[in-house]
Amino acid sequence: MSYRILDAGDAALTIEFGNIIDPALLAAVNALDAAIQRLQGAGELPGVIETMPTFRSLTVFFDPLATDRDTVLAALQPLIDAAEHGTPVEGRHWRLPVCYEGEAAPDLAEVAATLGIGTDEVIALHSGSAYLVYMLGFLPGFPFMGDLPERLRLPRRAQPRVRVPAGSVAIATGLTAIYPWESPGGWHLLGRCPIPLFDARRASPSLLAAGDQVRFTPVSSDECRAIEAGLANGDIDPMQWLESTPTPAENAA
């Protein structure tokens, strides 16, 4: 795996591991990010402020009054070399409920017709796969997840929506996602997930993280409303949809 270093102004640099969406590139990004966090936790890497991971790159922000590009890059070089050959870090496994019915799925019939299959097959294909969370972005907590089954791959909608409801589960190209907030959007809406993906009151505001795996379980409209009500009144904890968390030993293997 090759990489290149890109300057991002006078206070950041980007380590780019490739130009495609691929689990191997994500593994390198996550390994480098985790190594930087460990050193920062040990009081090393003075002047480094924060990192921003993407599908294929990691941007490192630093204080130019406390350090400089060459010093930061020299400190990062062994971490970059190790990340290139590192094994993927096992993320958490989630199984989230999705309602694929009625108003929750405004594009389901159109997607099925475009693909030449039935709506039940679209639901079965979408809910029958495990998805890797490649990155969070666009909105706080918005997970870009892949890889969508080939049979479901469509370009974005020709006409984006001005308002996509919060919780909408959508597909576009080879990805699927959940909109944590109401926002504009151009993806195809297949369903609705009632689980809040971002809560600023939590220690980790975003429910999902890069490297996590997500599966979807179809639920009825009534079940979806019951989950929403239970979450709203505090009877249900979103963490109950966490199926497994890897042990430190698993990630160190």
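A few remarks follow.
- Computed over protein heavy atoms with a 1.4 Å probe, the accessible surface of segment 119-253 works out to 48 Å² per residue.
- Figure legend: label point modelled 7 angstrom from the Cα of Ile20 along Cα→Cβ; residues of segment 129-151 with amide N under 19 Å from it are 132-135, 145-151.
- By average C-beta atoms within 10 angstrom, highest first, the peptides 166-172, 177-183: 166-172, 177-183
- When restricted to Cα atoms, segment 115-253 yields an Rg and a Dmax of 15.5, 48 Å, respectively.
- Percentage relative contact order, segment 28-142, counting C-alpha pairs under 8 Å, at least six apart: 25
- For segment 105-146, the equivalent ellipsoid derived from the Cα gyration tensor has semi-axes of 25, 13, 7 Å, listed largest first.
- Applying a 4.7 Å Cβ-Cβ cutoff to the chain, the cysteines left without a disulfide-compatible partner are Cys193.
- Put a plus charge on the Cβ of each Lys and Arg, a minus charge on the Cβ of each Asp and Glu, and nothing anywhere else: the dipole of segment 115-227 about its Cα centre is then about 340 debye.
- Counted by Cβ distance under 13 Å from Asp63, the other residues give a net charge of -2, where Lys and Arg count +1 and Asp and Glu count -1.
- Positive-end ranking of Tyr179, Pro149, Val162 along the dipole of segment 118-199, with charges on Cβ about the Cα centre, is headed by Val162.
- Think of the chain as having a plus end and a minus end, set by charges on the Cβ of Lys, Arg, Asp and Glu; of Ala11, Leu32, Ala232, Ala232 sits farthest toward the positive end of this dipole.
- Expressed per residue, the C-alpha convex hull volume of segment 1-131 stands at 167 Å³.
- Each part gets one Cα centre, and for segment 205-245 versus segment 45-94 those centres are 31 Å apart.
- Length released on extending from Asn233 to Gln159, taking residue separation times 0.36 nm less the Cα-Cα span: 22.9 nm
- Net length gained if the chain between Phe138 and Leu39 were fully extended (0.36 nm per residue, minus Cα distance): 32.8 nm
- Cα Rg over Rh - the chain, Kirkwood: 1.01
- Only Lys, Arg (+1) and Asp, Glu (-1) charged, at Cβ; the chain dipole about Cα centre in debye: 400
- Between 0 and 90°, nearest 10: helix 221-232 axis offset from the chain longest Cα axis: 50
The values are calculated or read from the model by the stated rules, or taken from the named source; none is laboratory data. Computed from a predicted structure; not experimentally measured. Don't worry about glycine lacking a Cβ; one is built from the backbone with ideal geometry, like all the others, and counts go over all protein chains shown. Surface areas here come from the heavy atoms of the whole protein model, side chains and all, with no ligands, DNA or RNA. Shrake-Rupley method; radii C 1.70, N 1.55, O 1.52, S 1.80 Å.
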